[in-house]
Amino acid sequence: MGLPIIWLAWGAIAALGGSNGLSAAMLPTALRETGMLMLSVGVLTGAVGLVAAWLVTHYEFPMRRIFDWALVLPLAVPTYLAAYSYVEFLGFPGPVQTALRGLNGATTLREYWFPEIRSDWGAVLVLSSVLYPYVYVACRAFFLMQSTSLNIAARTLGAGGMRTFFTVTLPLSRPALVVGVTLAMMEVVNDLGAVQYFGVNSITAIIYSTWINRSDFGGAAQLAVMVVLVIAVLIIAENRARRDRVYLGRRDSRVPPAREVLRGGRRWLAFAACAVLLALGFGIPVGQLTYLAFRLVQPQTVAMTMAALIPTVTLAGLGAIVTVIIGLLAAKVAHRSGAGARGAIRLATLGYAIPGTVLALGLLQPLGQADLWFNRMTMALADWRPGLILSGSMAALLYVYAIRFLAVSHSTLDAAMRKRGDTMLDAGRVLGAKRLELLFRIDLPTLTPAILSAATLVFVEIVKELPATLLLRPLGIDTLATLVYARANVGLFAQAALPALCIVLAGLIPVILATRLGDRRKV
């Protein structure tokens, strides 16, 4: 699991002082653009996610029950699909500017003014609209678990709703807020398709350009190491925020927090705030994709989608099987071993926090070198050259998927093992069952729901994954994500609306599962 990071670190050190090293102008630009994007998205997602969670947990207003779960739906929309959809929606030929020209009688863009969506502010708006649920989910869970006695005491002492929010609710929710904002920032660093489409020189986009356009592995490796350092800082901040939770108040989880019934204009203001968030993060992207997909339904579009769907399902299915098997083994080792093994497994699951572009870049050269050594060996032994086995096949993608999504399968299976306990396995051993018999008659059957859940989550994550697939896919193979990326980059996103809609529909699966799980826990 550590091979790509170790290889990148070695390549970055080897490039120091060389002609292919990191130029002085690239790193400051990448850090400045990435830092500003992360800061802007972090502030915006933190503000709207916190306010949305505060509204649905503390107040009653029209459609609050629907907003309670629906505000999570933007997580089903990948950032790059949201970017393409917003450009189509707000661009010159889109419905907004078309309606505006119909009102003022203009025929060209020079006759009226409209902000350019493909800009830094557009990137902040689009990324924030689909990433705010990270903050919303974290803060909502915190508010539901928080004792209401402090808020009641503040209101009894004469504090109004706003003062109670800023002096009591906001300080107490800081750990949950930091966790959600950190996750949103990590998604910003991982993004490739959206930032490229908006013309933002983020560090991930520059890594991709440095490797693909300039073939400069040393410079790309140095930038990739900087990404890993940025991610490490975010992980440390998130862990510190979790550690600070020990002093928070607790409550009986069976008693829901009291909600104040809003009246008059305040109830419609709360309704409008939640409705706008849902429309920006889910309504506009999905509506635009649906409109384009059904407006341009042509045989070639359907054929193109089916051609990309087959390798997508194949890769996602195989990747889910491989990742779940590794996650199951890791969970069993962590369950039976000491602190050292558990620490090593915890490090191995950090691949989920590292951008796919960085992982793919770190695997390109070692897998190519392995193919070279294997071909030399077969030539020496059997005078046969098999060609590219690892770097030019699906094996490379399965490898990077296992690194990237091991945390998803491991955390699900580890939690299931802890909840089940060891009593049934101990009873089986007492009755004389051997290891394989225990595995197939007790262990796997009792973990089947968790295994299916982990496989589903990994399957959907692979369907949506773009950066690593873009770099490591075999020649002539397109997945749904790479097909959408290729069409959008040449201005033909309308032709890719159908595969994009398939990706969104697949992304709804984990959201629905999480919502059903949350409903069960409430009961």
What whole-number distance in Å separates the alpha-carbon centres of region 76-121 and region 364-419? 43
With +1 on the Cβ of every Lys and Arg and -1 on the Cβ of every Asp and Glu, the dipole magnitude of region 133-239 about its Cα centre, in debye rounded to the nearest 20, is 460
Listed residue (Phe374, Gly105, Leu81) projecting farthest to the positive dipole end of the chain, Cβ model: Leu81
I need the phi-derived Karplus couplings for region 88-100: 6.51 cos²θ - 1.76 cosθ + 1.60, θ = phi - 60°, integer Hz, Gly and Pro marked x. 5, 6, 9, x, 4, x, x, x, 5, 6, 5, 5, 5
Return a whole-number percent for the relative contact order of region 1-294, with Cα pairs under 8 Å and 6 or more residues apart as the contact set. 36
Cβ neighbours within 10 Å, averaged per peptide: list 287-299, 128-140, 187-199 in order, most packed at the top. 128-140, 187-199, 287-299
Long-range amide H partners of Tyr59, meaning residues 5 or more apart or on another chain whose placed amide H is closer than 5 Å, are Glu260
If you take Rg and Dmax of the Cα atoms in Å from the coordinates, which of [x] 22.3, 69; [y] 26.9, 86; [z] 25.0, 88 do you get? [z]
Let me have the 222 nm mean residue ellipticity of the chain computed from DSSP H runs of 4+ only, each contributing -39500 (n - 2.57), with the sum over all residues rounded to the nearest 500. -23500 deg cm²/dmol
Equivalent ellipsoid semi-axes - Cα gyration tensor, region 1-294, angstrom: 38, 30, 14
Highest-first arrangement of 32-44, 274-286, 418-430, where packing means the average Cβ count within 10 Å: 274-286, 32-44, 418-430
Net charge dipole size for the chain [Lys, Arg +1 and Asp, Glu -1 on Cβ; Debye, nearest 20]: 1760
Quick one: dipole size for region 346-492, taken about the Cα centre, charges +1 on Lys/Arg Cβ and -1 on Asp/Glu Cβ, in debye to the nearest 20. 180
Output the relative contact order of the chain, whole-number percent, from Cα pairs under 8 angstrom with separation of 6+ residues. 22
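Each reported figure results from applying straightforward, stated rules to the coordinates on display, with no laboratory input. Note that this is a predicted model, so its numbers are computed, not measured. Quick reminder, even Gly has a Cβ in these numbers, built from the backbone with ideal geometry, and neighbours come from all protein chains shown.
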